[in-house]
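Here is the structure we will look at.
The values are calculated or read from the model by the stated rules, or taken from the named source; none is laboratory data. The structure displayed is predicted, hence computed values, not measured ones. All Cβ positions, glycine included, derive from the backbone under ideal geometry; neighbour counts span all protein chains shown.
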Ligand SMILES: [Zn+2]
């Protein structure tokens, strides 16, 4: 392949996943201007590192990894904002049983509220509510949820992006979802989506 | 279930919930584990409902967190790639 062909292919590949790159950058920087800069910088870095792309079918995890690394080295410091839950409270090196009981306990109220069709949850809870709840997640969990749930990466691919073992992605997905449900519940309470009656007997 | 294969080992709700997310993420690779999980769902209303809810929530998250790159970023990148 000539360098012109390589560049054309690269350009098309970027175009093909640009929305995903921008989305990931938005979830990381939580700011449109920074997200655009981060994507641009990552594209430049990716081209100069094109030789490290071993398998063209794995372009997405490869470029996500570059973007994530770029965020950590150049953007994280200035975008650090307080999050609702401290990472330490939910350190990932917990026993599996702990995670499971956390899963069952913490999500129960939210799920029982949500599961009641009379409450028309789907109509009440909007995209902005989901995004607000995602913002509250500690970064490690937020990124895992974006890569797997939003972008549809396998645990293996997400592990490649973040440079962690696949088992870590597995546990982050559990905790990330649990925390997200907790944050959604709190958001629903705070914004009056849940009435006092509905809260009775089901306060977390 | 095909004849002769109806002796699926029962799992409890704890084990089912523990595997729920791997199932939703398409990461329950082992056919035996998958069969046990699905068998449990067929017989446990609570875990079945939970799986339905989690599936719907997952779809809502996916839809909500999807972004479209702004046009000016698309233009900026086209220029950038041309100049590489
Ligand atoms: Zn069950």
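Taken over the range B:66-84, the criterion of being facing chain A (nearest Cβ under 7 Å), at pLDDT below 95 and more than 26 Å from residue A:152 (Cβ to Cβ) is satisfied by B:84 alone.
Check every one of the helices (runs of 4 or more DSSP H) wholly within the range B:6-84 and list those with 3 or more residues that are out of contact with any helix residue (DSSP H, G or I) (no Cβ under 7 Å at 6 or more places or on another chain). Before you say what the answer is, go through the steps one by one.
Numbers: elements: B:13-24, B:31-43, B:45-64, B:71-82.
Because the criterion is at least 3 residues that are out of contact with any helix residue (DSSP H, G or I) (no Cβ under 7 Å at 6 or more places or on another chain), the helices (runs of 4 or more DSSP H) in the range B:6-84 that meet it are B:31-43, B:45-64, B:71-82.
The set of residues from the range B:28-59 being crowded, with 18+ Cβ neighbours inside 10 Å and more than 16 Å from the ligand (Cβ to nearest atom) comprises B:57, B:58. Looking across the range A:38-58, the residues that are surrounded by fewer than 18 Cβ atoms within 10 Å (Cβ to Cβ) and more than 8 Å from chain B (Cβ to nearest Cβ) come down to A:45, A:48, A:49, A:50, A:51, A:52, A:53, A:54, A:55, A:56, A:57, A:58.
In the set (1) more than 25 Å from residue A:167 (Cα to Cα); (2) more than 11 Å from chain A (Cβ to nearest Cβ), the condition left unmet by residue B:36 is number (1). In this structure, is residue A:63 touching a helix residue (DSSP H, G or I) at 6+ places or on another chain (Cβ under 8 Å), within 10 Å of chain B (Cβ to nearest Cβ), at pLDDT 75 or above and under 26 Å from residue A:166 (Cα atoms)? No; evaluated as a whole, the condition is false for this residue. Taking the range A:147-195 as the range and being more than 19 Å from residue B:55 (Cβ to Cβ) and not in a helix (DSSP H, G or I) as the test, the residues that pass are A:163, A:164, A:165, A:191, A:192, A:193, A:194, A:195. Taken together, the residues in the range A:1-37 that are in contact (Cβ under 8 Å) with a residue 60 or more places away in the chain and buried (at least 18 other Cβ atoms within 10 Å of the Cβ) amount to 5.
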